[in-house]
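The values are calculated or read from the model by the stated rules, or taken from the named source; none is laboratory data. The model shown is predicted, which means the values in this text are computed figures rather than measured ones. Cβ atoms come from the backbone with ideal geometry, glycine included; neighbour counts cover every protein chain shown. Surface areas here come from the heavy atoms of the whole protein model, side chains and all, with no ligands, DNA or RNA. Shrake-Rupley method; radii C 1.70, N 1.55, O 1.52, S 1.80 Å.
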Amino acid sequence: MLFGQLTRLVQPLFRRSFHISPKLNQAMGIDGNNILAESLKKQGIEYVFGIVGIPVIETSLAFQAAGIKYVGMRNEQAACYAAQAIGYLTGKPGVCLVVSGPGLLHCIGGMANAQVNCWPLVVIAGSCPEDHEGIGGFQEYPQVEASRMYCKYAARPPSARLIPLHVEKAVRYASVGRPGVAYLDMPATLLTAEVDEDKVPLDYYSPEPVRLAHPDPLLVEQAADLLSKAERPLIIVGKGAAYGKAEKVLCKLVENTKIPFLPTPMGKGVVPDASPACVSAARTQALLRADALLLLGARLNWMLHFGQAPRFAPGVRVVQVDISPEEFHNSIKSEVAVHSDIKPFVEALNEKLAQKKFSLDSSSKWWQILNENQKKNTAFVEAQSNDKSVPLNYYAVFKTVQANIPKDSIIVSEGANTMDIGRGLLLNNKPRHRLDAGTFGTMGVGPGFAVAAAMWCRDYAPEKRVICVEGDSAFGFSGMEIETMFRYKLPVIIIIVNNNGIYSGFDKETMKDIQSGGDVAQCTPPTALSSEVRYEKMMEMFGVSGHICRTVEEIESAVKAAIAVTDRPSIINILISPQASRKPQTFNWLTESKL
Ligand code: ADP
Ligand code: MG
């Protein structure tokens, strides 16, 4: 259907008329919806994810008319996850468009996630007409105030004429420095306000990209000096290095210096997991024994055990590189703190270390320790992953999945054990190809992230696949986005590693026994979910079948069949042992409080 036909159909549904394009409506001027759409387009926004309703239906149509892609989702939180993932993947913020009141409030969990992950995002919410404020307007809520805690910038443009200025500012705040969230509040009265087109500065400042922050050469010198004198140096590659597109220079650094590196969960793939310098399999010992750290776009937060004992050697010397100097010396003091974008810093460091002809000897004591530890840990994982007994364990599942998926796939992953164990076995050899629960440890992000990743693949890498590996509990948070994937023909492969619960669950018989023990809400274990839920049957809503697997062979054939499907999502539901767990750890995964 032509866009004109569609708007003729939709238009009578609304009280106020709206204008599809400023060009069609020059005599009468341009309204807030179209000013907003044209301004976003001008700032290079390509994707909007959202859920429409009063007062933003016309807004979404104006976006499409302006040449912006709009993806309608099933829950505002998932829409917000999708918008921030596209921001991380492209470096340009995605927009999340939602309705007033509850629409925005549902989105706030997503805003917090983006802000904590340092990912660029612009949220735009409709709000009640200004003349209904204070008298109980429909879905009236103090939206700018409510957003402020989760944002770098939150504002309501004071007039339609000023929308372009605030859009530029929102996109700029979201993108530059440490990326984060910007919020724009759009009352219904502002969206429908009409202005003479020639009074609107639609051409308002379309900025040149901000130049990368370059490091102080003296600090590069000090960093090179510290690293080259260390006996046991270690590079930590964080998602800031991934976002900063530092892959080429970092691969060169690792190749030239043979310094071992550890990726953080989403730093995986900046330097390939397959690189011989990747010491993920000896993570505990690498952290514990390193005498010098090169911290590239990663914070010393809970994920890196605050950089402190007992997980790190006391007195470890740190070179910290970050785009955000506020981050320096958090938790432990960095000896060399460099305010710089990762890419130019590593470029300069490469030069300095080459001048020093620095390279670690692969037969050094340090490499020997790391190699021994890698061997020991790999032996355990191999034994587990070769154990094909049914019900399967996690390791056997991931080994089979890894063997059968394309090696350049984007892997989305969430769940407790599913995400943690999967991290070691599902490999990434490309940057920004891993999306997971992140710094905020958020469950429910997977399907939204996968929608965004699949949209990006379709536009920029059509051969690439998105594999969304979900725990059964994690899938439950946003599982209905399967309909979004179906509607937009996104061939996401959803793999549910189903253990009947959060962390672990129970088999059918045991669950029956437990639940017969008294009041069902008092005796059902809070971590339990129903046993052997047939999540794959959700595909039957669309008249096609999903896959249920109990064995390695069934997983192999299901993954192959799903890869052959290229115009819709697939669900592979893998029933594993409800008591399957991970390798015993030397330390608790969450560093204990010292209070
Ligand atoms: P991880 O979870 O991988 O450890 P974090 O989210 O903790 O990563 O840290 C990412 C860090 O990277 C943040 O402190 C952020 O300020 C920084 N950062 C983001 N982009 C860049 C960039 N282009 N150059 C340098 N640092 C960056
Ligand atoms: Mg589970």
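Assorted remarks:
- Residue in the stretch 580-588 that is among the polar types (S, T, N, Q), modelled with pLDDT under 95, open to solvent by less than 60 Å² (accessible area, probe 1.4 Å) and assigned to a loop (DSSP other than H, G, I, E, B) present: no
- Of all residues in the stretch 249-270, exactly one satisfies the criterion of being within 11 Å of ligand 1 (Cβ to nearest atom), in a helix (DSSP H, G or I) and closer than 16 Å to residue 345 by Cβ, namely 267.
- Residue in the stretch 233-246 that is modelled with pLDDT of 95 or more, of a type in the set (Ser, Thr, Tyr) and either more than 27 Å from residue 178 (Cα to Cα) or within 16 Å of ligand 2 (Cβ to nearest atom) (or both) present: no
- Among (1) under 21 Å from residue 417 (Cα atoms); (2) within 27 Å of the chain's Cα centre (by Cα); (3) surrounded by fewer than 20 Cβ atoms within 10 Å (Cβ to Cβ) - the single one residue 571 does not satisfy: (3)
- Residues in the stretch 229-242 that are open to solvent by 10 Å² or more (accessible area, probe 1.4 Å) and among the aliphatic types (A, V, I, L, M): 1 in all.
- Selection from the stretch 112-142 of residues that are within 16 Å of ligand 1 (Cβ to nearest atom) and touching a strand residue (DSSP E or B) at 6+ places or on another chain (Cβ under 7 Å): 114, 115, 121
- Selection over the stretch 25-46 of residues that are hydroxyl-bearing (Ser, Thr, Tyr) and either out of contact with any helix residue (DSSP H, G or I) (no Cβ under 9 Å at 6 or more places or on another chain) or surrounded by fewer than 24 Cβ atoms within 10 Å (Cβ to Cβ) (or both) gives a count of 0.
- Among the candidates 501, 543, residue that is closer than 13 Å to residue 579 by Cβ, at pLDDT 95 or above and more than 16 Å from ligand 1 (Cβ to nearest atom): 501
- Condition met for residue 226 (part of a helix (DSSP H, G or I), touching a residue at least 60 places away in the same chain (Cβ under 8 Å) and surrounded by fewer than 23 Cβ atoms within 10 Å (Cβ to Cβ)): yes
- From the list 324, 340, 359, 334, the lone residue that is modelled with pLDDT of 95 or more, surrounded by fewer than 18 Cβ atoms within 10 Å (Cβ to Cβ), among the hydroxyl-bearing types (Ser, Thr, Tyr) and touching a strand residue (DSSP E or B) at 6+ places or on another chain (Cβ under 9 Å) is 324.
- Every pair of residues 6+ apart whose Cβ atoms lie under 6 Å, when the first sits in the stretch 317-341 and is within 16 Å of ligand 2 (Cβ to nearest atom) while the second is open to solvent by 10 Å² or more (accessible area, probe 1.4 Å) and modelled with pLDDT under 95: none
- Qualifying residue in the stretch 372-382 (condition: in contact with a Phe, Trp or Tyr (Cβ under 7 Å, 6 or more places away or on another chain), part of a helix (DSSP H, G or I), hydrophobic (A, V, I, L, M, F, W, C) and open to solvent by 10 Å² or more (accessible area, probe 1.4 Å)): yes
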